[in-house]
Amino acid sequence: MAVFVIGAGQMGAGIAQVAAQAGIETYLNDISEAYILKGIEKIRTLLEKNVAKGKISAGEKDRILSGIKPALSLDDAKDCDLVIEAVIEKIELKQEIFSRLDKICKSETILASNTSSLPITEIAAATARPEKVIGMHFMQPVPVMSLVEVIRGLATSDETFGSVEELSKKMGKVPVEVKDVPGFISNRVLQMMINEAIYCVYEGVASPEGIDEIMKRGMNHPMGPLQLADFIGLDTVLYIMETMYKGYCDSKYRPCPLLRQYVKAGWLGRKSGRGFYTYQ
């Protein structure tokens, strides 16, 4: 069994880590060697922290790292059994990648997308094997969160779903089947909560700190919705809301004007140093 992961950012690196931890031969790809090495270094740092905490041994850390091979070209996916794409949320880019993979990979290879909101059916349409295309939406941070939303496209076969379900369990995850609708389940529910929390700030109902405190202490959430939005990235939150707004044609998914304003200002959350909170 061999898995090819496209994208060495936070999500892609996390997926590669859990695959290698499960003893699966893993390839990590990105547009440059520097990005791949940066992703592997993130994995190394996380594993070293786990060694320091006594969660894994130094030998286990070395075994996992040795199981991740850098891959500079999509052509290196030609003999892999599963490809998991984890690039930015742009449908045109994903379609281009899947179209290329369709020509490179063997006919039995499953092509999966880690998209958080884009339609699997539309991505699959770029290939001649839509029955072999599926969504595998991992949660962030991947090594910690147990859920994988497994999304069937219109043509995804039972065999493909069964293989991905089994592999997800092997990677230590809990797979949950979801239909191919905008936002799936996780983001359809989560982003609505985040957007409503932003409306509460916009309308002056309470401060970001107050809103988050209410949700943490009153609803037992480990992180408030605005703190979580900063962690996800406000540009990503806006993109998902716009995808659902367009997909459902329903005003309840309309992004809050304050969210649009923050994104235009470059206040994207933790990654930019400022969002609903300020970060060093």
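The values are calculated or read from the model by the stated rules, or taken from the named source; none is laboratory data. Since the model is a prediction, treat every value here as computed from it, not as a measurement. Glycine gets a Cβ as well: all are built from the backbone with ideal geometry, and neighbour counts include every protein chain shown.
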Selection count, the stretch 136-154, where residues are surrounded by 18 or more Cβ atoms within 10 Å (Cβ to Cβ), over 14 Å from the mean Cα position of the chain (by Cα) and in a loop (DSSP other than H, G, I, E, B): 1
Sole residue being over 14 Å from N187 (Cβ atoms) and in contact with an Asp or Glu (Cβ under 9 Å, 6 or more places away or on another chain), chosen from G204, G210, G269, G273: G269
Every residue from the stretch 87-97 that is closer than 14 Å to V133 by Cα and under 14 Å from the mean Cα position of the chain (by Cα): K94
Selection count where residues are more than 24 Å from S116 (Cα to Cα) and either in contact (Cβ under 8 Å) with a residue 60 or more places away in the chain or not polar (S, T, N, Q) (or both), scope the stretch 25-67: 24
Search result, residues across the stretch 170-188 that are surrounded by fewer than 17 Cβ atoms within 10 Å (Cβ to Cβ) and under 16 Å from D81 (Cβ atoms): K170
Lone unmet requirement of (1) over 16 Å from the mean Cα position of the chain (by Cα); (2) buried (at least 19 other Cβ atoms within 10 Å of the Cβ); (3) assigned to a loop (DSSP other than H, G, I, E, B) for G204: (2)
Subset of the stretch 180-197 that is of a type in the set (D, E, K, R) and assigned to a helix (DSSP H, G or I) - its residue that is nearest to F276 (Cα to Cα): E196
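One line per residue, one yes/no per condition, for (1) in contact (Cβ under 8 Å) with a residue 60 or more places away in the chain; (2) over 30 Å from D158 (Cα atoms); (3) not assigned by TED's automatic domain parsing to the domain that holds V144:
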{"site": "K173", "(1), (2), (3)": "yes, no, no"}
{"site": "M192", "(1), (2), (3)": "yes, yes, yes"}
{"site": "I198", "(1), (2), (3)": "yes, yes, yes"}
{"site": "I214", "(1), (2), (3)": "no, yes, yes"}
{"site": "M219", "(1), (2), (3)": "no, yes, yes"}
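Among M244, M223, which is outside the structural domain of L118 (by TED's automatic domain parsing), surrounded by fewer than 14 Cβ atoms within 10 Å (Cβ to Cβ), closer than 30 Å to V18 by Cα and not charged (D, E, K, R)? Steps first, please.
Numbers: M244 fails: surrounded by fewer than 14 Cβ atoms within 10 Å (Cβ to Cβ).
Exactly one residue qualifies, and that residue is M223.
Scan the stretch 22-34 and give yes if some residue there is crowded, with 18+ Cβ neighbours inside 10 Å, hydroxyl-bearing (S, T, Y) and assigned by TED's automatic domain parsing to the domain that holds A112, otherwise no. Talk me through it step by step, then tell me what you get.
Taking the stretch 22-34 first, the residues crowded, with 18+ Cβ neighbours inside 10 Å are 22, 24, 26-30.
If we keep only those that are hydroxyl-bearing (S, T, Y) as well, we get 26-27.
Now narrow it down to the ones that are assigned by TED's automatic domain parsing to the domain that holds A112: 26-27.
Within the stretch 22-34, one or more residues are crowded, with 18+ Cβ neighbours inside 10 Å, hydroxyl-bearing (S, T, Y) and assigned by TED's automatic domain parsing to the domain that holds A112.
Looking only at the stretch 226-253, count how many residues are within 24 Å of S272 (Cα to Cα) and outside any helix (DSSP H, G or I). Before you say what the answer is, go through the steps one by one.
The first filter runs over the stretch 226-253 and keeps only residues within 24 Å of S272 (Cα to Cα), leaving 226-243.
Among the residues that remain, those that are also outside any helix (DSSP H, G or I) are: 233.
Count: 1.
Could you please find all residues in the stretch 61-70 being in a helix (DSSP H, G or I) and not polar (S, T, N, Q)?
Step one: of the stretch 61-70, the residues in a helix (DSSP H, G or I) are 61-66.
Those that are in a helix (DSSP H, G or I) and not polar (S, T, N, Q): K61, D62, R63, I64, L65.
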Condition met for Y239 (without any contact (Cβ under 8 Å) to a residue 12 or more places away in the chain and of a type in the set (S, T, Y)): no
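Hey, among the residues in the stretch 71-105 that are of a type in the set (K, R) and part of a helix (DSSP H, G or I), which one's surrounded by the most Cβ atoms within 10 Å (Cβ to Cβ)? Spell out how you get there, then give the answer.
Taking the stretch 71-105 as the starting set, the residues that turn out to be of a type in the set (K, R) are 78, 90, 94, 100, 103.
With the extra rule that they be part of a helix (DSSP H, G or I), the set shrinks to 94, 100, 103.
On the way: K94: 22, R100: 15, K103: 10.
Here the answer is K94.
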Qualifying residue in the stretch 115-122 (condition: of a type outside the set (D, E, K, R), closer than 22 Å to K42 by Cα and modelled with pLDDT of 95 or more): yes
